[in-house]
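The values are calculated or read from the model by the stated rules, or taken from the named source; none is laboratory data. What you see is a predicted model, and the numbers here were worked out from it, not measured in a lab. Note that we place each Cβ from the backbone using ideal geometry, even for glycine, and neighbour counts take in every protein chain shown. Accessible surface is based on the protein model in full, side chains and every heavy atom, while ligands, DNA and RNA are left aside. Shrake-Rupley method; radii C 1.70, N 1.55, O 1.52, S 1.80 Å.
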Amino acid sequence: MQLDLNNLPSDTILLHQLVRDMASVVEQRAGEIERLQLIIKQLQRTQFGRRSERLDADQLALGLEDVETDQACAEAAQEPAAKPRDSKPRRKPLPDHLPREEVRIDVGAAPCTCCGGALHPIGESVSEMLDWVPAQLRVVRIRRPKYGCRTCGTVRQAPAPERPIAGGLATPALLAQVLVSKYCDHTPLYRQSQIFARHGVELDRSTLAGWVGSACWWLDALHKRLCLNVFASDHLFADDTPIPVLDPGRGRTKTGRLWVYARDQRPWGGSAPPAAVYVFAPDRKAERPAAHLAHFSGVLHVDGYAGFERLQARGNVVLAACWAHTRRYFFEFFEANGSPVAAEALRRIGELYAIEERIRGQSPAHRMAQRRALSKPLVDNLKLWLEQQRAHAPGRGKLAEAIRYALSRWHGLTRFLHDGRIELDTNPVERAIRPVALGRKNHLFAGSDGGGARWATLCSFIETAKMNDVEPYAYLHDVLQRMVDGHPINRLDELLPWNWKSAKAVKI
């Protein structure tokens, strides 16, 4: 807008309109300037910020390890201090299930060094140390003697045992080790190949890749049973995360998606065991979750992805929005410029989480009663306050964007006030996604869409096993062995992690 300052109009009404137009332009430009400044600060913090701001949690942990190691070296160099009599043990006792090797250190039949008299036992001191037995490769040699009949010439021999890979070398135990190393401990196959070489066995990466594919062939049917079990629930958490997939035709990678659906009823004492299923898809179209959840009915905890809205249109799916995602918008704005409005929003949302912490693990009825009494007034006041702040915030600024994000999802954000089983956020599925992010750093990419599907299958079993306090290697080893031994297809549910754990507990 250009004005001729030497020839301003004398009409009062026209001048008023001119001032209003100028104020509108100033507000728009202020919002745009604020948005651009926030982007610049975020970029500056990424490139030039403090190390703690630029490093992710895993990289920061590496730095902390060095500090703790230096501290241990310094303590080891000092004289050992006498242990106070009333001091409490600093570490947890070693698990009972670990095998014990007794080492007896005795003075024998030696006489008393003081007077030469005979010694008699009055007790003993027992302490424990944790030892490590290195992993080793071994060869299982199978002998099958042949027997012949001199009368009729018949030859008899026991049939060869079934192998997980026809003509292959790997036992179920070795397959489980390769799978857990790649998808749980995030060790790529080429590094595993190098580890095996140190043990004197040359196993090409391509050989290991073939083993992974063959193992997943055995597990595919069980993965489908796991998906059916989880999708039959009435409360789920849903999210997705990108994974790079090799695209040979274009000589680069494309972006696939892992859709993750988690079930966790532990915060309200539900009976269904915790679980997480991963499903690979080549894109993020809304039809993907619609297909995965075609038979789902109930409450779905989601983030702000608009594709989930199609599910709510069916009438049998209720979407619960995520307060953690809402909070994130205000947190980023506060980190950029220290806004007191954003700080107040964070404080108010924090009050809701403080109430949730006190009622975690209680029954749905108790949780809902506490929320209606304590959380609802806070939520009502927060909405009024956000509407007031929206009127004063620049329309195109990041603060206004954060406020609009919250108010546009208010119906979903307040679902937790009407159902004690609903959580405030999607953190259970966020935790299930975290291992995939670690895998991306180490695997770099999936070799094909099939590789993405295998990634989903193995992550489903490993994460569900961890959620049920099941050791992934022991689980996969036993499941693969049972399948090779001919486990009935109509009893696959027995091999789901929580059922497998129960059966093991009974046997023990």
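Quick notes
- Every listed requirement among (1) within 28 Å of GLY298 (Cβ to Cβ); (2) over 25 Å from the mean Cα position of the chain (by Cα); (3) in contact (Cβ under 8 Å) with a residue 24 or more places away in the chain; (4) open to solvent by 20 Å² or more (accessible area, probe 1.4 Å) is met by ASP380 save one, (3).
- The condition of being open to solvent by 40 Å² or more (accessible area, probe 1.4 Å), touching a strand residue (DSSP E or B) at 6+ places or on another chain (Cβ under 7 Å) and either among the hydroxyl-bearing types (Ser, Thr, Tyr) or not in a loop (DSSP other than H, G, I, E, B) (or both) does not hold for LEU226.
- Selection within segment 279-314 - without any contact (Cβ under 8 Å) to a residue 24 or more places away in the chain and polar (S, T, N, Q): GLN312
- Screening ALA294 with (1) in a strand (DSSP E or B); (2) closer than 22 Å to ALA306 by Cα gives one miss only, at (1).
- Any hit, segment 153-164, residues being closer than 17 Å to VAL139 by Cα and surrounded by 14 or more Cβ atoms within 10 Å (Cβ to Cβ): yes
- If you check ALA209, ALA276, ALA221 for being open to solvent by less than 10 Å² (accessible area, probe 1.4 Å), in contact (Cβ under 8 Å) with a residue 12 or more places away in the chain and either of a type outside the set (D, E, K, R) or in a strand (DSSP E or B) (or both), only one passes: ALA276.
- Residues located in segment 119-139, provided they are in contact (Cβ under 8 Å) with a residue 24 or more places away in the chain and among the charged types (D, E, K, R): GLU128, ASP131
- Residue-level analysis places ILE462 outside the set of residues that are within 16 Å of ALA262 (Cβ to Cβ), in contact (Cβ under 8 Å) with a residue 60 or more places away in the chain, in contact with a Ser or Thr (Cβ under 9 Å, 6 or more places away or on another chain) and in a helix (DSSP H, G or I).
- Filtering segment 112-121 for residues that are farther than 30 Å from LEU169 by Cβ, open to solvent by 90 Å² or more (accessible area, probe 1.4 Å) and either among the charged types (D, E, K, R) or in contact with a strand residue (DSSP E or B) (Cβ under 8 Å, 6 or more places away or on another chain) (or both) leaves an empty set.
- Number of the condition not met by GLN481 [criteria: (1) over 20 Å from SER502 (Cβ atoms); (2) part of a helix (DSSP H, G or I)]: (1)
- Of the residues in segment 112-123, not one is at pLDDT 90 or above and in a loop (DSSP other than H, G, I, E, B).
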